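Here the structure is laid out as structure tokens; the discussion comes afterwards.
The values are calculated or read from the model by the stated rules, or taken from the named source; none is laboratory data. These figures come from a predicted structure and were not determined experimentally. Note that we place each Cβ from the backbone using ideal geometry, even for glycine, and neighbour counts take in every protein chain shown. Accessible surface is based on the protein model in full, side chains and every heavy atom, while ligands, DNA and RNA are left aside. Shrake-Rupley method; radii C 1.70, N 1.55, O 1.52, S 1.80 Å.
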Amino acid sequence: MAMSDPLGDMLARIRNGQMARKDTIPVPASKLRTNVLDVLQREGFIRGYSQAELRPGVGEITIELKYQDGEPAIHEISRISKPGRRVYSKIKDLSLHYNGLGISILSTPRGVMSDQEAREANVGGEILCRVF
């Protein structure tokens, strides 16, 4: 059965994995998921991830979750732009998430990046999710 929101599924798996105190979680591989995980790793919300090919054309990503003093590094992760309602923002209209403690992940013409990187590049785009 086809998934209508693969990114939302990955975010739910991360949220559920941290609530269950898992060290690693598997998700199906895709380019968008890999790009979002790159941003999460650069910003320090996950330890890392690795990709493996199960069979030709079918891959899996194993995400290593991060904890600080037994508490999850990600307190809140939510999908903003959904398949039924896309949310776009100009860079000047993009607000700080939790006064700069959290990040927004955007899909821009220059690739997937955090809100801070988008401000430096002066590009807006689709707000994929917010992380705190």
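Quick notes
- Across the chain, the mean sequence separation of Cα contacts (distance under 8 Å, 6 or more residues apart), normalised by length, yields a relative contact order of 23 percent.
- Ranked by the mean number of other Cβ atoms within 10 Å per residue, highest first, peptides 120-130, 36-46 order as 36-46, 120-130.
- Shape analysis of the range 1-48 places it in the oblate category; the axes a ≥ b ≥ c from the Cα gyration tensor give an a/c of at least 1.5, with a/b not above b/c.
- Relative to the longest principal axis of the Cα atoms of the chain, the long axis of helix 6-19 lies at roughly 70 degrees.
- At a probe radius of 1.4 angstrom, the accessible area of the chain per residue rounds to 58 square angstrom.
- TYR49 accessible area, assembled protein chains, probe 1.4 Å, Å²: 50
- Listed residues THR24, THR34 arranged by accessible area, highest first, probe 1.4 Å: THR24, THR34
- Amide proton proximity set for GLY124, modelled H, under 5 Å, gap of 5+: ILE91
- Accessible surface of the chain, 1.4 Å probe, proportion on carbon and sulfur as whole %: 48
- Cα-based shape type of the range 56-132, given that a ≥ b ≥ c are square roots of the gyration tensor eigenvalues and the cut on a/c is 1.5: oblate
- Each other residue within a Cβ distance under 15 Å of GLN116 adds +1 if Lys or Arg and -1 if Asp or Glu, for a net charge of 0.
- Helix 31-42 axis, angle to the chain major axis (alpha carbon atoms, nearest 10°): 80
- Listed by chain and number, the lysines whose C-alpha is less than 22 Å from the C-alpha of LYS90, apart from same-chain residues fewer than 8 away, are LYS82.
- Using the rule -39500 (n - 2.57) for each DSSP H run of four or more residues, divided by the residues of the chain, the 222 nm mean residue ellipticity is -7500 deg cm²/dmol.
- Evaluated at q = 0.13, 0.21 Å⁻¹, the base-10 log of the normalised Debye intensity for the chain, with identical point scatterers placed on the Cα atoms, takes the values -0.54, -1.32.
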